[in-house]
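This report refers to the structure that appears directly beneath it.
The values are calculated or read from the model by the stated rules, or taken from the named source; none is laboratory data. The structure displayed is predicted, hence computed values, not measured ones. With ideal geometry, Cβ positions are generated from the backbone for all residues, glycine too; neighbour counts draw on all protein chains shown. Remember, those area values only see protein heavy atoms, side chains included, never the ligands or the DNA or RNA. Shrake-Rupley method; radii C 1.70, N 1.55, O 1.52, S 1.80 Å.
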Amino acid sequence: MFKKISLIFVLLFLMNCGFTPIHNIQNKNDISIKNLVFNGGDRNLNIFLKRNLDRYRNTNSSNAFIINSDVKYEKNIISKNAKGIATKYELKAVASFKIEYENNITNTSYKEMFTMDHIDDDFENKKYEKSIKENFANSISKKLILKLLQIK
């Protein structure tokens, strides 16, 4: 009986120790984005990036980041079958950011690549490519937020 009570006590004590991950980017109060500008690039990728970064948008903050971005997206054929129809594609997204904070300018860029197999159904193919673009945007925006946390 004593062992059970002590085990429960130890578990409750350890569960409430206050552990938080080092790279926890859920604390949105640490950074704020005043202005976010997209200079051309892939429309869908820009929309996904904007949606991810709008969580951190605060136009009233005095020390906020001003970000200009240039996103390039490429879809290259890697291999073809005997009939000349593409069977594999290489998807590549390169996002370059010009970050302005307290009169300091920092340039950074991130590159994401993925090899995609061709799906016979065109609708499913486009849907899969769109989900890959969304994953690219999620990855790039997380890396950018970590960079902004480092700058601040």
Pick from Ile66, Ile99, Ile78: which is most flexible by mean-square fluctuation in a GNM of the chain where alpha carbon atoms under 10 Å apart are linked? Ile78
Using a Gaussian network for the chain with springs between C-alpha atoms less than 10 Å apart, which of these wobbles most: Ile105, Ile140, Ile67? Ile105
Can you tell me the orientation of helix 2-15 relative to the chain, as the angle in degrees between its alpha-carbon axis and the longest Cα principal axis, to the nearest 10? 50 degrees
Listed residues Gly40, Asn125, Phe136: farthest to the positive end of the dipole of the chain (Cβ charges): Phe136
Expressed in nanometres to one decimal, the distance between label points 7 Å along Cα→Cβ at Lys142 and Ala86 is 2.7 nm
Per residue, how much accessible area does the chain show when a 1.4 Å probe rolls over the protein heavy atoms, in square angstrom? 70 Å²
Heavy-atom accessible area with a 1.4 angstrom probe orders Arg51, Arg43, Arg57, most exposed first, as Arg43, Arg51, Arg57
Cα long-axis angle, helix 122-151 against the chain (0 to 90 degrees, to the nearest 10): 50 degrees
How much of the accessible area of the chain, in percent, comes from carbon and sulfur atoms when a 1.4 Å probe is used? 52 percent
Expressed as a rounded percentage, what relative contact order does the chain have, with Cα pairs under 8 Å and six or more residues apart? 21 percent
For n ≥ 4 DSSP H runs only, could you compute -39500 (n - 2.57) per run for the chain, divide by its residues and tell me the 222 nm figure to the nearest 500? -12500 deg cm²/dmol
Take the residue pairs Lys34/Lys92; Lys83/Lys126; Lys34/Lys126; Lys83/Lys133 and return only those whose Cα atoms are more than 32 Å apart. Lys34/Lys126
What nm value, rounded to one decimal, do you get for the distance between Lys111 and Lys130 when each label is placed 7 Å out toward the C-beta? 2.9 nm
With viscosity set to 1.306 mPa s and temperature to 10 °C, compute the Stokes-Einstein D of segment 34-107, Rh being the Kirkwood radius across alpha carbon pairs; µm²/s, no decimals. 109 µm²/s
Quick one: dipole size for segment 36-152, taken about the Cα centre, charges +1 on Lys/Arg Cβ and -1 on Asp/Glu Cβ, in debye to the nearest 20. 200 debye
